[in-house]
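The values are calculated or read from the model by the stated rules, or taken from the named source; none is laboratory data. Since the model is a prediction, treat every value here as computed from it, not as a measurement. Don't worry about glycine lacking a Cβ; one is built from the backbone with ideal geometry, like all the others, and counts go over all protein chains shown.
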Amino acid sequence: MSLDCRDFVEQVTLFLDGALAPEAEQDMIDHLALCDGCERYLDQMRQTARALEDLPADALPGDTRSTLIDTFRSRRA
Amino acid sequence: MLHYADSMAGLPADDVLVARLRSGDEDAFALLLDGWSGGMLRLARSFVSTEASAAEVVQETWLAVIEGIDGYEGRSSLKTWVYRILTNTAKRRGIREHKVVPMSSVDDSGPTVDPSRFRPAGDPFAGHWWQFPPSWPTPEQGLMSSEVRAYLAEALAGLPERQRLVVVLRDVEGRPYDEVCELLGITAANQRVLLHRARAFLRGKLEEYYLEEGS
């Protein structure tokens, strides 16, 4: 293997973004084929990014919301 | 440009929305307000020092949208345009509050995984895992529990600011690469470094969480 696990973990984001040069990308794929630990690491990085998509968001305070709706009404309608 | 999250939220396409806003359609405005304010608050919070201040930034942004929608030329997506107003407003206020986000910092180098987890030089398998990362429970239907998400939200707050800004924009808000570069005034390479460090930190936090839960 031309790439060790320590290198692999640092290139995961580039790999997921398809931002690696073709040769470096092939090294990652070759490594994945042989290393269950890095396959798991990659999957967990992917899961982490996906979990972030589901984070609950705060809402605007209710009075701010109604002020904005009122402003929209008076300025635009 | 219609993003997945927005199409899921049932928002009409940009040109339809803009036309409705310009004609004073209150429902269209309320739809945007409710759909985007949460993400905008989170983003604003990364620039300013209090929740109240973040809410004011979001309010100021919406006021600018109400006044400026006639000037929107459709050269970027509507959401990109709104986010630009937001980041400019938030940055100005951040500077007033002396909370300037430094765009160069020291926490952007060094390994993102503890080197002691890999076999040292001299070992026949130097640079390889001593032990594979522990596996995580498979979440049902691919969704993490609300407890895990709350924990993740807390972990997010522990990130250095630049990393938090990038990961919030990219992963939480799903904004595209080029837009994030432009909003934060950073290069693509810099953005990838920050995103990688942030995700690696958060992965580590989730690992800690699952280890503790499993013990």
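From the list B:ARG170, B:ARG199, pick out the single residue that is closer than 17 Å to B:ARG84 by Cα, crowded, with 22+ Cβ neighbours inside 10 Å and either without any contact (Cβ under 8 Å) to a residue 40 or more places away in the chain or among the small types (Gly, Ala, Ser) (or both). When all the criteria are applied, what remains is B:ARG170.
Any residue at all in the range A:28-51 that is small (Gly, Ala, Ser) and touching a Leu at 6+ places or on another chain (Cβ under 7 Å)? Yes, some residue in the range A:28-51 is small (Gly, Ala, Ser) and touching a Leu at 6+ places or on another chain (Cβ under 7 Å).
Just one of the numbered conditions (1) buried (at least 19 other Cβ atoms within 10 Å of the Cβ); (2) assigned to a helix (DSSP H, G or I); (3) out of contact with any Pro (no Cβ under 8 Å at 6 or more places or on another chain) is not true of B:ARG175: (2). Does at least one position in the range B:113-124 carry a residue that is more than 10 Å from chain A (Cβ to nearest Cβ), among the acidic types (Asp, Glu) and assigned to a loop (DSSP other than H, G, I, E, B)? Within the range B:113-124 (the criterion being more than 10 Å from chain A (Cβ to nearest Cβ), among the acidic types (Asp, Glu) and assigned to a loop (DSSP other than H, G, I, E, B)), the answer is yes, since at least one residue qualifies.
Could you list all residues from the range A:9-22 that are at pLDDT below 95 and of a type in the set (D, E, K, R)? Scanning the range A:9-22 gives a single hit, A:ASP17. If you filter the range B:34-65 down to residues that are touching a residue at least 24 places away in the same chain (Cβ under 8 Å) and surrounded by fewer than 20 Cβ atoms within 10 Å (Cβ to Cβ), you find that the one that is farthest from B:ARG164 (Cα to Cα) is B:ALA64. Number of residues in the range A:43-77 that are more than 10 Å from every other protein chain (Cβ to nearest Cβ) and touching a residue at least 24 places away in the same chain (Cβ under 8 Å) equals 0.
When B:GLU212 is tested against (1) loosely packed, with under 12 Cβ neighbours inside 10 Å; (2) touching a residue at least 40 places away in the same chain (Cβ under 8 Å), exactly one condition is not met: (2). The condition of being assigned to a helix (DSSP H, G or I), outside the structural domain of B:GLU182 (by TED's automatic domain parsing) and closer than 17 Å to A:ASP58 by Cα does not hold for B:TRP81.
Scanning the range B:53-76 for residues that are part of a helix (DSSP H, G or I) and either modelled with pLDDT under 90 or in contact with a Phe, Trp or Tyr (Cβ under 6 Å, 6 or more places away or on another chain) (or both) yields a single hit, B:ILE66. Scoring A:PRO22 on the criteria (1) more than 30 Å from B:ALA30 (Cβ to Cβ); (2) touching an Asp or Glu at 6+ places or on another chain (Cβ under 8 Å) leaves a single failure, condition (2). If you check B:LEU206, B:LEU183, B:LEU202 for being assigned to a helix (DSSP H, G or I), at pLDDT 85 or above and over 19 Å from A:VAL9 (Cβ atoms), only one passes: B:LEU183. Helices (runs of 4 or more DSSP H) fully within chain A that include at least 3 residues being acidic (Asp, Glu): A:22-34, A:36-53.
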